[in-house]
Structure formats: C-alpha cells, structure tokens
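J.: What follows is a single structure, and I will ask about it in a moment.
The values are calculated or read from the model by the stated rules, or taken from the named source; none is laboratory data. This one's a predicted model, so the numbers in the text were calculated from it and none came from an experiment. Note that each Cβ is placed from the backbone with ideal geometry, even for glycine, and that neighbours are counted across all protein chains shown.
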C-alpha cells in the first residue's frame, strides 16, 4: 500500500514526521525504488534517512526485520534507532541496523566456515593484529622496528597494506599476482612505488591469515571480506542473505570502500532497492580506502534510481555557506549542488594573518577569551587544524590563558592498556584450551611479571606447536625455569578455576581474575602517576560488565567499539583535526594554519584537500575565523582556498600588533611593566 494513492489517509506517525520535512526530503523518503540523496552539509540527511525507514515500515508495511540499515559509527546507528523508536514505538527499529563491521560480524558468525573459521571465533582489535604481524615479521627476518625504517613504524605500514588488501577484496592467494601487476604498471608509467614494502606485505598477509585461522580469529577486515566474497561467488549464499531484505539503506555513502560497496550491492540484489545518503563534496577519507567515484557512479550502477539534492542548510549563515560554495566549486568532477539558508547572511568570514605561529596561537587564545566574555560557552567553540602535529602551540596558548580545552580523539576506553589486559584475562578464562586464546596469553603472562622473558616464552611456543595445543596448556609440559614454571602454573590454575565456575556473574568473573592473577595489586602497588586512574578504569569495566550476558558479547563489543571522545564534566573548547570534526557543528570555529603546504597539504590529493576545507568551513554555525602565519618552520603563504571565498563573504582583520600574547598578564603586572619602562626611559 503506497502513501500517494488517491484518497488515502496517512497514519499519524508518518504525518507527524513528514510535517517536519522539506518537500525534497519528503519526496526522497517516499521514493519507491533505488534512491541517491545528495545531502549537503547541515541539510538534514539523518532526518531524511530516518523518515525513509519510517515510511517503509508504516506506509509500505515492510516488516522492520526485513530492512537493512548500515552506518559507519555506533553513535550514528544509535541515534537513528532512537529516532525510529520515537516515531513508531519502542520495538520498531530494524534489528539489522548497525555499522558495516557490526553487521558483517553477525553475518560471519552464522556461517564462519566461509572464512575458514569455527564457531565462537575471536575478533582481534588493531593492537592484537599488530602484535601478530610483528611476530611474523620477526620470523621472516623482516625489520619490524621504527629505528630500522627511518622512523616509520613498519608494523603499522604492513598492517595498513593488509587492511587495504581486504578493503579491495584481495585474498592472500591473489595478493602476490595483484601486487606484481601493480608494480609493473607503475614502472611503465615511471611512477614511484614501494615495491619491497608491497611484496613483503603480500608475503606476510598469507602467513598472517594462516595464523588467524589457526587461532580461530578474525580481524576487522575479515568481517566484510569473507561475507562479501561469498555473496559475490556463491549464488545460493547470496540468495540466502539477499532474500531476507526488502529494502537496504546506507548512510555516508561517500565514505564507502570497494568491499563495503560490493557488500551493499549484493545485499540489495534481491530487492533491487538501495537507498543511499551521502555527499561527494564531503568525501575526505580517500587515504583510508574510501572511493568518491562510487557515489558519483551510483546512477550507473542503479540506472532506474531517483536522485534528490538537499541544498537548504539549517546550520550555517549565508556568508559561511557562500565561502564553502566558493571553495568547493573548484572541484570540477563533483555532482554539484549549491547550499543556501534562510538564516540570513550573518558575519563575513574573518581572515587574519600573523607574523609567526606563536603570535597566531596567542591571538587565537585572546579571541577565544573575548568570545567567552561576550557570553559564548567554551564548548560552543572549536579549533580545527589539518594535522595533530599543529596542536601543540594552540594547547600551550590555551593553557597560558587558563582556557579549558579538550583534545578530541584521545585513546578510547577499550583501547587502554589496563582494559585490554583485563579483557585478555577474560578471554583466556573463556577459552583456556583453545589456541584462539594464545594472543590473550601473550598479553597477560607477564602482567604482573612471572619470569617469562623472550627465551622462556619461546620454549612455551615450541611446546605448544609440538603438541598442537594452546599456550596455556603447554605450560603443563614445557621445560621451564623453576620460577617461571611455578608462577605460570599458578596463574593457569586460577584462570581455569574462575572460568569454570558458572555461578559467577561476568562482573564477578572479571573482578576475581584481576585479584587472583595479581594485576589489580600490581596497580595498587605502582607509584606511577596514572595508577589510580587505571584502577578506576578497571572498576568501570567491572561495572560495565554487568550489562552484558556473556563474555563473548562483551569481547565482541570491545573489539567493535569505536574510540569515543572523553566526556569531561566541565565545558571546554574542542581541539581536533578537520577530519575528526566531520559531522560536528559549533557556534564559533577557528581554522588556524590555513596555509599552502598545510591545507592544501603537499602530499594529499588536491581535490580531497579542497573537500576537506569545505568540510571545515561548514562546521561553523555563526562565526568562522581563518588565520595563517607568515613564518611557520619557514616562510609560508595563506592557503589558495582563501582566494576562492567571495569578497563580500570575507573580511580581513586589521594587521595585529602581535602583542596579544601579553593579554594573559594581570592588569597589576601590566601596569608594573609600564612603570618600569618609564623609569628606564628616564635614565
């Protein structure tokens, strides 16, 4: 039953939701076939995507269980689910609504054999994957320390290459031939290519995947690689999955890579109905595999698709949008749209130039203080920069001015060392006799120290390989030094005993492991400044564990959790990279170091750098200040992107005296300095 049939009355939930949509948002949400919604910054893409789900459930009467919705973050998935529940009821949200990796993990768990895995496989996070790669590199006698690689982390480099292989659906079996073809093509064109690195990556990839299967483990890339390949190559498997869904929807479509795009197409192959929301002007993640060409060829992949442009911006003033439109117009391959607003022109973009980086930072702090003095809360302001290496000067200036600030993008909760150790103990207790617990064993065997140095651990590894058992099992028969043997067997007994006791709650199990194995006491005895904080983190983990039904559920959640910005109690100015700011908005945005060589960077893709500048500008709601320095590690020039901003949308600040750095002095100290100067002049 379609809502646009003559004489039909729309149910209340859809009517209420539709009343809050613009005509083009409403038309897009109601479109019956495949749909591409080009949603400019601040134009209500989430509202449109949510409305489409509500329309499909209530008006088209598609069961929520037959709708698939993919997002890039857990936060976006949670927000969408909450909006759907608010419109249709507590249990109305599709249960197949989540991140690509979360949905891929669920799919892989139903048939792990497609990846050569067994039931209850582990999901390795990036840290554990890097440790495994490092051991393989050592076994192959491939340098694995930054000192031998000119300061670069070779383990991270190889890990990124393997991740890229999986994003491109390249398997270990085909990696070498693909690499050789790529190297040959680059050499024919005379283009530089790191041949040795790629060849090493292909060699390591094969051994890495073999070790993963032996340990019954998958990394993040596997969660989409194997389901997607099975969907593409196995007709029965594709039918089994694609026929489950009558509609497939995708958020942030401009950020998908080849594997994600292929997975979405395969999952939509039965219903032939993919609803994609995105903005090619905001495609800024090419460096991690996103392919802007995929959204730009959407109508070729789905020839019957409807295309809708959301251009009314509800966030920013007219001058900010004019600046953003001017900058992005330089991308000649864009699909095209022009943002507008009914909020008025507002104030022009402020353009400021300073003598050097220090003067810029000090004036930035003074401007933030001034805006706060006008009544703007600290957390309504943000400083966005191209790379993290630029943050130090701004941090120091804010600290001197006693301005509260928060650097967004710090290490997430589940990535903290103490949490990873606690979860490793839990994994070891859950699978003590299975080789999939070996990585956990390696992480905790010397936490606290038990005498397992590299040589002692090598003895355990050899015994485990000989007996084909887990490292924990190998402790029973390995010929070890007396101290290591005694401490190791004691730890193994405690882990087995606690893991076998089914009456313990998950929270109790973790707490008992931390005490019995000595890790909590290790931190209590530590004199390190962060020991108390680490103990508090462990207590928080124990508390969080009470909301999970099983160790497997908690371990999966930890592996899939995205890093979250810390939520401080007090409002603070946010400092972050332009990439990190995507999806956020602030009343006042400062864009320092807006210089050639930085933005656009000398090493980035020119078109993507332009899109990044567009994203940075559109984070501002009422005020945007762009600044540059004439000297920053050498002479510098204002960014060429400033020239693309229309003259009536920008205002050049008067050349400052570069004395703003003294504004943090108290009036009494400033008067004393002036009096001293007067006395000196009179001598």
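J.: If we scan region 290-299, do we find a residue that is assigned by TED's automatic domain parsing to the domain that holds residue 30, crowded, with 18+ Cβ neighbours inside 10 Å and in contact with a strand residue (DSSP E or B) (Cβ under 7 Å, 6 or more places away or on another chain)?
T.: Yes, region 290-299 contains a residue that is assigned by TED's automatic domain parsing to the domain that holds residue 30, crowded, with 18+ Cβ neighbours inside 10 Å and in contact with a strand residue (DSSP E or B) (Cβ under 7 Å, 6 or more places away or on another chain).
J.: Going by the structure shown, is residue 601 more than 23 Å from the chain's Cα centre (by Cα) and at pLDDT 90 or above?
T.: In short, no.
J.: A further question follows. Return only the number of the condition from (1) in contact (Cβ under 8 Å) with a residue 60 or more places away in the chain; (2) out of contact with any strand residue (DSSP E or B) (no Cβ under 7 Å at 6 or more places or on another chain); (3) over 19 Å from residue 94 (Cα atoms) that residue 263 does not satisfy.
T.: Condition not satisfied by residue 263: (3).
J.: In region 605-622, which residues are out of contact with any strand residue (DSSP E or B) (no Cβ under 8 Å at 6 or more places or on another chain) and more than 17 Å from residue 293 (Cβ to Cβ)?
T.: Result: 612, 613, 614, 615, 618.
J.: Also: Hey, could you check region 398-426 for residues that are at pLDDT 90 or above, assigned to a helix (DSSP H, G or I) and more than 25 Å from the chain's Cα centre (by Cα) and say which is surrounded by the fewest Cβ atoms within 10 Å (Cβ to Cβ)?
T.: Among them, the one singled out is 398.
J.: Taking region 1-47, which residues are at pLDDT below 90 and closer than 27 Å to residue 297 by Cβ?
T.: none
J.: A further question on this structure: Might you let me know whether region 112-122 holds any residue that is buried (at least 16 other Cβ atoms within 10 Å of the Cβ), more than 25 Å from residue 423 (Cβ to Cβ), at pLDDT 95 or above and more than 22 Å from the chain's Cα centre (by Cα)?
T.: Looking through region 112-122, at least one residue is buried (at least 16 other Cβ atoms within 10 Å of the Cβ), more than 25 Å from residue 423 (Cβ to Cβ), at pLDDT 95 or above and more than 22 Å from the chain's Cα centre (by Cα).
J.: Something else now. Any residue at all in region 367-380 that is surrounded by fewer than 19 Cβ atoms within 10 Å (Cβ to Cβ), at pLDDT below 95, in a loop (DSSP other than H, G, I, E, B) and assigned by TED's automatic domain parsing to the domain that holds residue 589?
T.: Checked against the condition, which is being surrounded by fewer than 19 Cβ atoms within 10 Å (Cβ to Cβ), at pLDDT below 95, in a loop (DSSP other than H, G, I, E, B) and assigned by TED's automatic domain parsing to the domain that holds residue 589, region 367-380 yields no hits at all.
J.: Kindly indicate which of 204, 183 is outside the structural domain of residue 100 (by TED's automatic domain parsing), assigned to a helix (DSSP H, G or I) and without any contact (Cβ under 8 Å) to a residue 40 or more places away in the chain.
T.: Unique residue meeting the criteria: 183.
J.: Check every one of the helices (runs of 4 or more DSSP H) wholly within region 469-535 and list those with 2 or more residues that are without any contact (Cβ under 8 Å) to a residue 12 or more places away in the chain and surrounded by fewer than 17 Cβ atoms within 10 Å (Cβ to Cβ).
T.: Fully inside region 469-535 and qualifying: 482-500, 506-516, 519-525.
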